[in-house]
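A.B. asks: Before I ask anything, let me first share the structure, which is written out below as structure tokens.
The values are calculated or read from the model by the stated rules, or taken from the named source; none is laboratory data. Quick caveat, the model's predicted, so the values are computed rather than measured. Note: ideal-geometry Cβ built from the backbone for every residue, glycine included; neighbour counts use all protein chains shown. For the accessible areas, the whole protein counts, side chains as well, though only heavy atoms, and no ligand, DNA or RNA atoms are used. Shrake-Rupley method; radii C 1.70, N 1.55, O 1.52, S 1.80 Å.
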Amino acid sequence: MLDIQKIRADFPILKQQVNGKPLVYFDNGATSQKPQVVIDTIVDYYSRYNANIHRGVHSLSQIATDAYEQARIKIQKHFNAQHNYEIIFTSGTTESINLVANGFASILKKDDEIIVSALEHHSNIVPWQMLCEHTGAKLLVIPMSYEGELLMDEYQKLLSNKTKLVFCNHVSNALGTINPIEFIIEKAHEVGAAVLIDGAQACPHIKPDVQQLNADFYVTSAHKMCGPTGVGILYGKEEWLRKLPPYKGGGEMIATVTFEKTTYADLPHKFEAGTPNICGGIAFGTAIDYMNEVGFENIAAYEKELLEYGTKRLLELGNIEIYGPKDLNKKASVISFNLKGIHPYDVGTIIDKLGIAVRTGHHCAQPIMDFYKIPGTIRASFAFYNTREEIDMMIEALKKAQMMLG
């Protein structure tokens, strides 16, 4: 069992008021809050050993380099990558996806096919559309059901010897659907296709084992996992990382440079041009330590309780539509809903005045909203530092919104 009050005390932002009301932060799907230990790591870096890495023989540079590379090892162990050089630091999930898409531009040929799911965030759609425009490859879409689940029979029909890459999120940011990625990966590999899994929404709730999943690429962002913004990782199998060309040119990613020819550094530096977000990488390692100390089994069990309680309380409101799987075992701790007949933006604006922070809109997943023929949803996304009492406060705020707008 988690000591929720002790955990909440670790997050200084949760102590404040918004519009004169206690902050109820239910926008964890957009970004998580940061524990004091992560904030302290950032302050410690800039106040004690701020220096560039991998390049200096002086003491501060060596301390910073060691801390940064130790963070890479922490991340490697967390995701159970076989090698630490299979962890590439990026600015986040979006850059990680673009890195892979850029690499496949030299691999794909006209009329090759790549497959995306209907449940994707824009960052896992747009780079692939750009890739298709560049290469002449075709983009196919795994359709979804009204309950927000991917249709696996239809997926299998899309696969062929033309399929070169499949990409899918582990958990839908808009609906909370946990996708059957083990099946998706297995079937893609049967036709020789590579698979990229967007883990941005899964990693705050689930501890993925990339070797067990057999994913070719797995991407995520630190800021969803109690870490800082502006840093994330691409996990790639060594064979794929060696096959793909560099994404960006510059310092650090080179072995030798002459005006006639440049040779590239070995992994992981081949994909890490320029001065990285050193502080962010180190703090990402701290955030992973913190979440593992809380325990992902504990997090999953507690957040499931919040999901069940929140769903029950919302349904008691009446005149409400909840989108996504009805079976809560197929969802992460996200509830995407609308009060019938009321625009989600109007609801979000009113309950913000009462201290309730939720996300409203299309959640960078416009195709999902188009599927449901709605302008957007209200999304309440819970984390392990939230409480039932906060859910009750959201329900009371929604009742007031219903009275004012209904």
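A.B. asks: Can we say residue 28 is open to solvent by 50 Å² or more (accessible area, probe 1.4 Å), in contact (Cβ under 8 Å) with a residue 60 or more places away in the chain and polar (S, T, N, Q)?
C.D. replies: On the way: open to solvent by 50 Å² or more (accessible area, probe 1.4 Å): no; in contact (Cβ under 8 Å) with a residue 60 or more places away in the chain: yes; polar (S, T, N, Q): yes.
Criteria not met by residue 28.
To keep it simple, each residue is scored yes or no on (1) among the hydroxyl-bearing types (Ser, Thr, Tyr); (2) without any contact (Cβ under 8 Å) to a residue 12 or more places away in the chain; (3) buried (at least 22 other Cβ atoms within 10 Å of the Cβ).
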{"site": "113", "(1), (2), (3)": "no, no, no"}
{"site": "135", "(1), (2), (3)": "yes, no, no"}
{"site": "155", "(1), (2), (3)": "yes, no, yes"}
{"site": "160", "(1), (2), (3)": "yes, no, no"}
{"site": "165", "(1), (2), (3)": "no, no, yes"}
{"site": "176", "(1), (2), (3)": "no, no, yes"}
{"site": "182", "(1), (2), (3)": "no, no, no"}
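A.B. asks: Let me ask something else. For residue 78, work out the one condition from (1) in a helix (DSSP H, G or I); (2) of a type outside the set (D, E, K, R); (3) open to solvent by less than 60 Å² (accessible area, probe 1.4 Å); (4) without any contact (Cβ under 8 Å) to a residue 12 or more places away in the chain it doesn't fulfil.
C.D. replies: Residue 78 satisfies all of (1) in a helix (DSSP H, G or I); (2) of a type outside the set (D, E, K, R); (3) open to solvent by less than 60 Å² (accessible area, probe 1.4 Å); (4) without any contact (Cβ under 8 Å) to a residue 12 or more places away in the chain except (4).
A.B. asks: Just to be sure before I move on: is residue 290 farther than 27 Å from residue 7 by Cα and among the hydroxyl-bearing types (Ser, Thr, Tyr) in the structure I sent?
C.D. replies: It is false that residue 290 is farther than 27 Å from residue 7 by Cα and among the hydroxyl-bearing types (Ser, Thr, Tyr).
A.B. asks: Among the candidates 88, 13, 75, which residue alone is in contact with a strand residue (DSSP E or B) (Cβ under 9 Å, 6 or more places away or on another chain) and in the same structural domain as residue 358 (by TED's automatic domain parsing)? Explain how you work it out, then say what you get.
C.D. replies: Numbers: 88 fails: in the same structural domain as residue 358 (by TED's automatic domain parsing); 75 fails: in the same structural domain as residue 358 (by TED's automatic domain parsing).
13 is the lone residue from the list that is in contact with a strand residue (DSSP E or B) (Cβ under 9 Å, 6 or more places away or on another chain) and in the same structural domain as residue 358 (by TED's automatic domain parsing).
A.B. asks: Working carefully through the options 18, 57, find the one that is more than 22 Å from the chain's Cα centre (by Cα) and in the same structural domain as residue 310 (by TED's automatic domain parsing).
C.D. replies: Details: 57 fails: in the same structural domain as residue 310 (by TED's automatic domain parsing).
Going through 18, 57 in turn, just one is more than 22 Å from the chain's Cα centre (by Cα) and in the same structural domain as residue 310 (by TED's automatic domain parsing): 18.
A.B. asks: Pick from segment 81-111 the residues that are of a type in the set (D, E, K, R) and in contact (Cβ under 8 Å) with a residue 40 or more places away in the chain: which of them is most open to solvent (accessible area, probe 1.4 Å)? Steps first, answer last, please.
C.D. replies: Our first condition is that a residue be of a type in the set (D, E, K, R); within segment 81-111, this holds for 86, 95, 109-111.
Those still in the list that are in contact (Cβ under 8 Å) with a residue 40 or more places away in the chain too: 86, 95, 111.
On the way: 86: 8, 95: 31, 111: 62 Å².
Only one residue tops the list, namely 111.
A.B. asks: Further question: Pick out the one residue from 145, 123, 91 that is small (Gly, Ala, Ser), closer than 23 Å to residue 205 by Cβ and in contact with a helix residue (DSSP H, G or I) (Cβ under 7 Å, 6 or more places away or on another chain).
C.D. replies: On the way: 145 fails: in contact with a helix residue (DSSP H, G or I) (Cβ under 7 Å, 6 or more places away or on another chain); 91 fails: in contact with a helix residue (DSSP H, G or I) (Cβ under 7 Å, 6 or more places away or on another chain).
None of the other options fit; the residue is 123.
A.B. asks: So for segment 191-213 (the condition being free of Cβ contacts under 8 Å to residues at least 24 places away in the same chain and open to solvent by 50 Å² or more (accessible area, probe 1.4 Å)), does at least one residue qualify?
C.D. replies: no
A.B. asks: When you scan segment 44-57, do you find a residue that is open to solvent by less than 80 Å² (accessible area, probe 1.4 Å), on the phi > 0 side of the Ramachandran plot and either among the β-branched types (Val, Ile, Thr) or touching a residue at least 12 places away in the same chain (Cβ under 8 Å) (or both), even just one? Give the derivation first.
C.D. replies: First, pick out the residues of segment 44-57 that are open to solvent by less than 80 Å² (accessible area, probe 1.4 Å): 44-45, 49, 51-54, 56.
Checking which are on the phi > 0 side of the Ramachandran plot leaves us with 54.
Those still in the list that are either among the β-branched types (Val, Ile, Thr) or touching a residue at least 12 places away in the same chain (Cβ under 8 Å) (or both) too: 54.
Scanning segment 44-57, I find at least one residue that is open to solvent by less than 80 Å² (accessible area, probe 1.4 Å), on the phi > 0 side of the Ramachandran plot and either among the β-branched types (Val, Ile, Thr) or touching a residue at least 12 places away in the same chain (Cβ under 8 Å) (or both), so the answer is yes.
A.B. asks: Any chance segment 380-394 includes a residue that's touching a Leu at 6+ places or on another chain (Cβ under 8 Å), open to solvent by 70 Å² or more (accessible area, probe 1.4 Å) and not in a helix (DSSP H, G or I)?
C.D. replies: For segment 380-394, residues touching a Leu at 6+ places or on another chain (Cβ under 8 Å), open to solvent by 70 Å² or more (accessible area, probe 1.4 Å) and not in a helix (DSSP H, G or I): absent.
A.B. asks: Among the numbered conditions (1) touching a helix residue (DSSP H, G or I) at 6+ places or on another chain (Cβ under 9 Å); (2) crowded, with 20+ Cβ neighbours inside 10 Å, tell me where residue 303 comes up short.
C.D. replies: (1)
A.B. asks: Now, a different point. Could you grab me the full set of residues in segment 24-52 that are assigned to a loop (DSSP other than H, G, I, E, B) and touching an Asp or Glu at 6+ places or on another chain (Cβ under 9 Å)? Lay out the reasoning, then the answer.
C.D. replies: Step one: filter segment 24-52 for residues assigned to a loop (DSSP other than H, G, I, E, B), giving 26, 28-35, 49-52.
Passing the criteria: 26, 35.
A.B. asks: Which condition does residue 318 not pass, out of (1) free of Cβ contacts under 8 Å to residues at least 60 places away in the same chain; (2) at positive phi; (3) open to solvent by 60 Å² or more (accessible area, probe 1.4 Å), if it passes all the others?
C.D. replies: Tallying (1) free of Cβ contacts under 8 Å to residues at least 60 places away in the same chain; (2) at positive phi; (3) open to solvent by 60 Å² or more (accessible area, probe 1.4 Å), residue 318 fails exactly one: (3).
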